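Everything on this sheet refers to the single structure shown next.
The values are calculated or read from the model by the stated rules, or taken from the named source; none is laboratory data. Note that the structure is a prediction, hence the values are computed from the model and not measured. Cβ coordinates were reconstructed from backbone atoms using ideal geometry, including for glycine residues, and neighbour counts include every protein chain displayed. Ligands, DNA and RNA are excluded from the accessible area calculation, which covers all protein heavy atoms including side chains. Shrake-Rupley method; radii C 1.70, N 1.55, O 1.52, S 1.80 Å.
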Amino acid sequence: TIPSLAPGVYKVIVSSDGYTVSEHQVEIKAGETVTVQDVLEPAGTLRWTLLDRSGTGVAGVPCRITPDDPNSLEKARDGITDAGGLWAVRGLMPGKYTATASPVSGAPVSIRVTILPAELTIESSKIQ
């Protein structure tokens, strides 16, 4: 229960380490209680660090991870690397994926990874 929440429409994210991530749009009306129920499935996490030639993390690189299985329930996910060059994606359903980094200057870099349930996959790549 979240007390004193103003009426409005909210995005609720349901997640836990080692499980999928689920999003819901919920409308809260004055004086009402809304219950969100969900089932989370075991899932994994990718931590991918992008490095320059000297081994320093590269910030602000757009990244995308896409399931290799065209019948996967998982959708492509996008993000950017943080100040240390890290891009972390959690709540990925088990399976094979292709992750691609597209630096502003230089060629795109892609890796193939296998995500296992409740496991952390750690990768690093040098970019031009």
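Computed over protein heavy atoms with a 1.4 Å probe, the carbon and sulfur contribution to the accessible area of the stretch 18-94 reaches 48%.
Remark on THR20: its backbone amide H falls under 5 Å from those of GLU41, ALA43, a criterion applied only to residues 5 or more positions apart or on other chains, H modelled at 1.01 Å from N. Would you work out the relative contact order for the chain, in percent, from Cα pairs under 8 angstrom that are 6 or more residues apart? Relative contact order, the chain: 28 percent. Along the charge dipole of the chain, pointing to its positive end and built from +1/-1 on Cβ of Lys, Arg, Asp and Glu, which listed residue (VAL113, GLY44, ILE2) has its Cα farthest out? Going by the Cα projections, it comes out as VAL113.
Scalar couplings 3J(HN,Hα) for the stretch 16-27, obtained by applying the Karplus form with A = 6.51, B = -1.76, C = 1.60 to θ = phi - 60°, are 7, 4, x, 9, 5, 10, 10, 10, 9, 9, 10, 9 Hz; x denotes Gly and Pro. Might you report the magnitude of the Cβ-based charge dipole of the stretch 31-128 about its Cα centre, with Lys and Arg at +1 and Asp and Glu at -1, to the nearest 20 debye? Approximately 440 debye in magnitude. Normalising by residue count, the stretch 63-128 has a Cα convex hull of 89 Å³ per residue.
Here the peptides 56-65, 41-50, 2-11, 115-124 are ranked by packing, the mean other Cβ count within 10 Å, and the order with the highest first is 41-50, 56-65, 115-124, 2-11.
Surface exposure of the chain, expressed per residue as accessible area with a 1.4 Å probe, stands at 64 Å².
For LYS126, a cut-off of 28 angstrom between C-alpha atoms picks up these lysines, skipping any fewer than 8 places away in its own chain: LYS75, LYS96. Were the residues from ARG53 through THR35 laid out at 0.36 nm apart, the gain over their Cα-Cα distance would be 1.4 nm. The local environment of LYS96, defined by Cβ-Cβ distances under 10 Å, has a net charge of -1 under the rule Lys, Arg +1 and Asp, Glu -1.
Evaluating 6.51 cos²θ - 1.76 cosθ + 1.60 at θ = phi - 60° for every residue in the stretch 48-54, the Karplus couplings come out as 10, 10, 9, 10, 7, 4, 8 Hz, glycine and proline recorded as x. Projected onto its three principal axes, the C-alpha set of the chain covers 58, 29, 22 Å, listed from the longest axis down. With the whole protein complex present, SER22 retains an accessible surface near 20 Å², based on a 1.4 Å probe.
Ligands, DNA and RNA aside, LYS29 has an accessible area near 100 Å² when probed at 1.4 Å.
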